[in-house]
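K.L.:
What follows is a structure written as structure tokens; I'll ask about it next.
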Amino acid sequence: MSALFSPLTLRGVTLRNRIVVSPMCQYSAERGEASEWHMIHLGHLALSGAGLLCIEATAVEPDGRITPADLGLWDDATEAALKPVLAAIRKHSHVPVAMQLSHAGRKASSHVPWAGGQLIPVAGGGWLPHAPSALPHKAGEAPPLALDNAGLNRIREAFAASARRAARLGIDALEVHAAHGYLLHQFLSPIANQRTDEYGGSRENRWRFPLEILDIVRAAFPADKPVGVRVSATDWVEGGITLEDTIAFAHELKKRGCDWIDVSSGGVSPLQKIPLEPGYQVPFARAVKKATGLTTIAVGLITDAQHASELVEAGDADLVAMARAMLYDPRWPWHAAAQLGASVEAPPQYWRSQPRDQKALFGETTLGQR
Ligand SMILES: Cc1cc2nc3c(=O)[nH]c(=O)nc-3n(C[C@H](O)[C@H](O)[C@H](O)COP(=O)(O)O)c2cc1C
């Protein structure tokens, strides 16, 4: 059997295969509320045959949105808006659904990417972002407000409340977003964190707030459902986080019962230099997994089924997350299964699409019912 199509159980949740639909911001919510777009977007990805579908970065408070159009989960209205989307997924797919909980920190209050992504000033309808230190992301941008104790508390409570709401919605797993230069990554990285209290300075101090958030989310979410963390393994910039820092941090995550580490990179500095090539972040995933034994997700320019399967087979990672390739070809897992001689779950409405030379693609059970 192809390693990519072997199941994996995390706490009480079993993934049918190792393919994860990576979280992807859609900038299509209104006041944080999921829209028809989420029904279409998540609905069709729920039929992709992936082992896990992760909902985009979901803001735990309005201030923590990257853009005014970000998805959120901070009040009854945002919770209610996700309900029909999840109900539709549940009705037509068995895919476990994860959600990435996020706070944008100093990268909040920006225009959507297709409008340029620049910071929106308060006068233009934006808001003043909060961050570990009053340091802007880009030179020349207005500095964010440094979080004080009350602000840290507000954010702790927001993560806990969102995790409780996610549990109520029946979300199967959570991923804490501590990558890509958003708030928790800002705490981790000396590039964005120059605090002089117990949340800044030494590596252990910079880890403190992200680890508190993991503990808080873990405590607020059912014990039989997994909670993972996405990190940027390196900042790709002088003076930033290195792979060695990330491995040490991953040991702390493991001690706290973190169920997976999703190994991405970059995002905290516009000065980053990223050598893009297929699987460019896999070496980080491999190193983290080898050093810690944590369940590890590899991500980044993995688009070829054979490559994806080989890296699971080789033990470089336990799971492979895919973003752009999944948008380009939402049936990527079907095609991968066909190529690798495996099977995927397909909705009965689509069974007739099974290629003549792929009689087992939709599995024994579905075939039996045809
Ligand atoms: C449209 C789009 C939206 C994204 N939004 C998020 C997000 O919400 N959270 C996150 O951690 N990464 C996000 N990413 C990054 C992806 O999850 C992934 O890590 C990255 O695109 C590399 O994987 P790929 O080469 O398979 O696309 C986004 C990427 C894309 C293309």
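Every number in this text was worked out from the coordinates using simple rules, so none of it is lab data. Since the model is a prediction, treat every value here as computed from it, not as a measurement. Positions of Cβ are generated from backbone atoms using ideal geometry, with glycine treated the same way; all protein chains shown enter the neighbour counts.
K.L.:
In the range 78-95, whose amide N lies under 11 Å from the spot 7 Å out along Cα-to-Cβ of residue 350? List them in ranges.
P.N.:
93
K.L.:
Once the convex hull of the alpha carbons of the range 228-351 is built, what does its volume come to per residue, in cubic angstrom? It would help to have the intermediate numbers written out before the result.
P.N.:
Working: hull volume 15.1 nm³, N = 124.
Enclosed volume per residue, from the Cα hull, is 122 Å³.
K.L.:
In nm, to one decimal, how far is the modelled label at residue 360 from the one at residue 123, with both set 7 Å along Cα→Cβ?
P.N.:
Here the answer is 6.8 nm between the modelled labels.
K.L.:
Return one number: the angle in degrees, 0 to 90 and rounded to the nearest 10, between the long axis of the Cα atoms of helix 282-292 and the longest principal axis of the Cα atoms of the chain.
P.N.:
Computed tilt is about 80 degrees.
K.L.:
Further question on the same structure: Which peptide among 333-344, 274-285 comes first, and what is the full order, when sorted by highest mean count of other Cβ atoms within 10 Å?
P.N.:
Numbers: 333-344: 21.4, 274-285: 16.1.
Highest to lowest by the protection proxy: 333-344, 274-285.
K.L.:
What lysines sit close enough to residue 107 to cross-link, taking a C-alpha to C-alpha distance under 17 Å and skipping anything fewer than 8 places away on the same chain?
P.N.:
Qualifying lysines at Cα under 17 Å: 138.
K.L.:
Using only alpha-carbon positions, what ratio does the radius of gyration of the chain give when scaled by 2.2 N^0.38 Å? Display every interim value, and only then the final one.
P.N.:
Numbers: Rg = 20.0 Å, N = 370, 2.2 N^0.38 = 20.8 Å.
Dividing the Cα Rg of the chain by 2.2 N^0.38 Å gives 0.96.
K.L.:
Please tell me the relative contact order of the range 1-128 in percent, rounded to the nearest whole number, where contacts are Cα pairs under 8 Å and at least six residues apart. If you can, show how the numbers build up before the last one.
P.N.:
Working: 255 pairs, mean separation 32.4, N = 128.
Relative contact order comes out at 25 percent.
K.L.:
For the pair residue 243/residue 306, report the inter-label distance in nm, with labels modelled 7 Å from Cα in the Cβ direction.
P.N.:
Those two pseudo-labels are separated by 2.5 nm.
K.L.:
Name the lysines eligible as straight-distance cross-link partners of residue 91: C-alpha to C-alpha under 30 Å, and not fewer than 8 places from it in the same chain.
P.N.:
83, 225, 359
K.L.:
Could you sort 347-358, 57-68, 89-100, 194-205 so that the peptide with the highest average Cβ count within 10 Å comes first and the rest follow in order?
P.N.:
On the way: 347-358: 10.8, 57-68: 24.9, 89-100: 19.5, 194-205: 14.0.
Result, highest mean Cβ count within 10 Å first: 57-68, 89-100, 194-205, 347-358.
K.L.:
Using Cα springs under 10 Å in a Gaussian network model of the chain, which residue among 273, 290, 225 shows the largest mean-square fluctuation?
P.N.:
Result: 273 has the largest fluctuation of those listed.
K.L.:
Let me have the relative contact order for the chain, percent, based on Cα pairs under 8 Å that are six or more residues apart.
P.N.:
Dividing the mean separation by the residue count of the chain yields 16 percent.
K.L.:
So what J values fall out for the range 202-209 if you push phi through Karplus, 6.51 cos²θ - 1.76 cosθ + 1.60 with θ = phi - 60°, rounded to Hz, Gly and Pro as x?
P.N.:
Coupling constants for the range 202-209: 5, 4, 4, 5, 5, 6, 3, 5 Hz.
K.L.:
On to the next question. List residues of the range 242-282, by number, whose backbone nitrogen lies under 15 Å from a label position 7 Å along Cα→C-beta of residue 339.
P.N.:
Inside the label zone: 278-279.
K.L.:
Between residue 145 and residues 5 or more places away or on another chain, which pairs have amide H atoms under 5 Å apart, with H built 1.01 Å from N, and which residues are they?
P.N.:
130, 131
K.L.:
Simple spin-label model, 7 Å along Cα-to-Cβ: residue 328 to residue 198 in nm?
P.N.:
Between residue 328 and residue 198, the label points sit 4.8 nm apart.
K.L.:
I need the phi-derived Karplus couplings for the range 5-17: 6.51 cos²θ - 1.76 cosθ + 1.60, θ = phi - 60°, integer Hz, Gly and Pro marked x.
P.N.:
10, 8, x, 9, 10, 10, 6, x, 10, 9, 8, 5, 8
K.L.:
So how tilted is helix 149-168 from the main axis of the chain? Cα-based, degrees 0 to 90, rounded to 10.
P.N.:
Tilt of helix 149-168: around 20 degrees.
K.L.:
If you plug each phi of the range 217-223 into the Karplus form 6.51 cos²θ - 1.76 cosθ + 1.60 with θ = phi - 60°, what whole-Hz ³J(HN,Hα) values come out, in order, with x for Gly and Pro?
P.N.:
Karplus values, whole Hz, x for Gly and Pro: 5, 4, 5, 8, 10, x, 5.
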